[in-house]
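Notes for the one structure printed next.
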Amino acid sequence: MIKYTIKNEGAQKVETRAERTDAAELVRRWVIPGESRVYVLTFGCQQNEADGERLLGLALSLGYGRADSPEEAELILVNTCAIREHAELKALSIIGGFKHVKEKNPRVIIGVCGCMAAEPHRVEDLKRRYPYVSFTLEPAKIASLPTLIAEVIRRKKRSFLLPDAPNVVPPIDEGIPVERLSRHKAWVSIMYGCNNFCTYCIVPYVRGRERSRASGEVLKEIEGLVASGVKEITLLGQNVNSYRSDCDFSELVKRIGEIPGEFRLRFMTSHPKDVSDDLIACFAGTPHLAAQFHLPLQSGSDRILAKMNRHYDVARYLSIVERLRALDPAITLTSDVIVGFPGETEGDFQATLDLLTQVGFDSVYSFIYSPRRGTPAAEYTDQIPPDVSRERMRRLLDLQCEISAEKNRPLVGQTLRVLCDGPSPDGAPGMMTGRTEGGKLVHFPASDQTAGRFVNVRIDRADAFALRGTLIE
Ligand code: SAM
Ligand code: SF4
């Protein structure tokens with residue numbers, strides 16, 4: 001019995017595995033081969049990209065073909081992000097634009113998936129104000145996609161899944177088909193959800209309680225990917241390093257290191273409070289493990305870190321950095337920082353700037369604090385005026401730009417191993433792009449045949465955000 005509660009406009013029921021299989025059969029009979037196509041539009045983080053590949057894989061397994069645009073699709077899945085207000089408003093505006101697609105073709109089914117689909121007020125809003133949206137489907141319940149489509153076909157019913165009670169640990173659905181969008185890079189989700197409840201963050205509410213996959217399942221998936229020619233694996237989790245099932249995260253990394261083949265291993269996103277000595281020790285030569293660590297800092301002020309409920313202080317953060325650099329002085333370090341968290345004084349902000357200078361991050365993803373409904377920080381009375389946050393953000397970006405440029409400068413003249421991703425997105429003829437072991441973006445002239453291969457590139461120029469180089473045969 002799968003204990004997902006399905007609520008449609010009339011009834012509530014519990015979905016069984018047999019019902020799910022029947023639903024999939026019904027959808028397959030309804031789909032018109034060669035004509036019915038699916039379009040998945042994904043916003044947000046890497047976890048969402050991975051979920052988007054599962055939504056697509058599942059839809060293809062039901063008989064849908066792939067559409068290049070929403071206009072030619074019969075199934076449109078909007079895989080939303082809820083981390084900031086801006087992401088939600090963008091998704092809502094795009095969903096609004098799909099009204100005309102439905103009007104032109106009544107067979108069109110529109111589903112809203114992702115984190116927004118787990119926020120009760122957004123689900124209510126979609127139900128009332130977007131009558132052409134057929135269902136919402138939260139991230140923990142992707143496997144229910146066939147059932148929701150079948151409800152529309154069978155009963156013309158719109159369905160809105162109820163979020164689980166906060167203490168419920170959703171089951172892990174192994175075996176959902178995945179349609180990977182890259183042939184040489186793959187996301188591998190190893191754990192889902194988050195138990196940390198940082199006071200600003202919506203994730204624990206929309207992605208549910210932490211749960212980790214069995215290590216055997218993870219290893220089997222990675223072995224299959226490597227055998228099929230994948231050259232870079234990124235382990236994913238909202239708190240990837242709090243992975244715990246039959247082994248802990250450092251043990252999992254070591255076991256992946258034993259898999260033969262030519263590939264790089266990365267992981268994200270780690271929480272400083274869960275960085276163990278054993279995990280740091282993995283950077284002393286675990287095969288495949290790239291010399292790169294993304295470790296969100298969020299703030300350089302202990303007072304703000306405590307208010308954010310982060311469970312570490314600046315001293316703990318710096319000790320991790322020091323130990324990583326002692327093992328590998330060239331390791332690439334990147335981070336996330338929030339600007340304008342409630343109550344952040346100029347002094348707190350200055351402490352963040354000072355820490356950026358002290359650590360010397362290779363790059364930083366910085367975000368202006370966005371109040372999320374239902375989180376404690378949204379209720380704090382000491383919200384920072386938007387113009388103050390924007391001005392601080394500008395200063396942070398300027399500083400980090402200088403630091404990144406300085407970090408990249410010594411790379412000029414070095415020959416680095418680059419995994420070529422393909423033609424430069426800016427369309428410059430004959431230019432390819434790739435990533436170094438540290439994850440730095442490199443542009444270099446080469447033929448299309450280098451795509452998906454490791455190549456050596458001599459760095460000729462280094463800017464803050466990208467390197468340029470020459471292919472060395
Ligand atoms: N689990 C990771 C961690 O503990 O740092 C991060 C996951 S979160 C999806 C990615 C980043 O979004 C966070 O590191 C944080 O900087 C940012 N973020 C989360 N909630 C935010 C909010 N309400 N406003 C602005 N940025 C936010
Ligand atoms: Fe959000 Fe904090 Fe969980 Fe990261 S650890 S997903 S920031 S609640």
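The values are calculated or read from the model by the stated rules, or taken from the named source; none is laboratory data. Treat the numbers as computed from the prediction; the structure is a model and nothing was measured. Cβ: placed from backbone, ideal geometry, glycine included. Neighbour counts: every protein chain shown. Surface accessibility is based on the protein's heavy atoms, side chains included, excluding ligands, DNA and RNA. Shrake-Rupley method; radii C 1.70, N 1.55, O 1.52, S 1.80 Å.
Cβ neighbours within 10 Å, averaged per peptide: list 305-312, 256-263, 61-68 in order, most packed at the top.
305-312, 61-68, 256-263
For MET432, the amide hydrogen comes within under 5 Å of the amide hydrogens of SER424, PHE444, ALA446, counting only partners 5 or more places away or on other chains and with H modelled in the peptide plane. Solvent-accessible area of ASP22, all protein chains in place: 90 Å² (probe radius 1.4 Å, heavy atoms, ligands and nucleic acids excluded).
Here the chain has 53 percent of its accessible surface on carbon and sulfur atoms, given a 1.4 Å probe and all protein chains in place. Taking the DSSP bridge list for the chain and keeping only pairs wholly inside it, about 40 percent are antiparallel.
Distance from the Cα centroid of the stretch 41-112 to that of the stretch 392-416 is 36 Å (rounded to whole angstrom). For the residue pairs LYS104/LYS127; LYS231/LYS273; LYS307/LYS407; LYS102/LYS185, alpha carbon separations beyond 24 Å are given by LYS231/LYS273; LYS307/LYS407; LYS102/LYS185. For the chain, the longest principal axis of the Cα atoms and the long axis of helix 314-327 meet at an angle of about 70 degrees. Computed about the Cα centre, the dipole magnitude for the chain is approximately 1240 debye when only Lys and Arg (+1) and Asp and Glu (-1) carry charge, each at its Cβ.
For the stretch 231-372, a Kirkwood radius taken over Cα pairs fed into Stokes-Einstein (37 °C, viscosity 0.692 mPa s) yields D = 206 µm²/s.
What FRET efficiency comes out for SER276 versus ASP426 if R0 is 35 angstrom and r is the Cβ-Cβ distance? Round to the nearest 0.05. Present the calculation step by step, with values, prior to reporting the outcome.
Working: r = 41 Å, r/R0 = 1.17.
Rounded to the nearest 0.05, the efficiency is 0.30.
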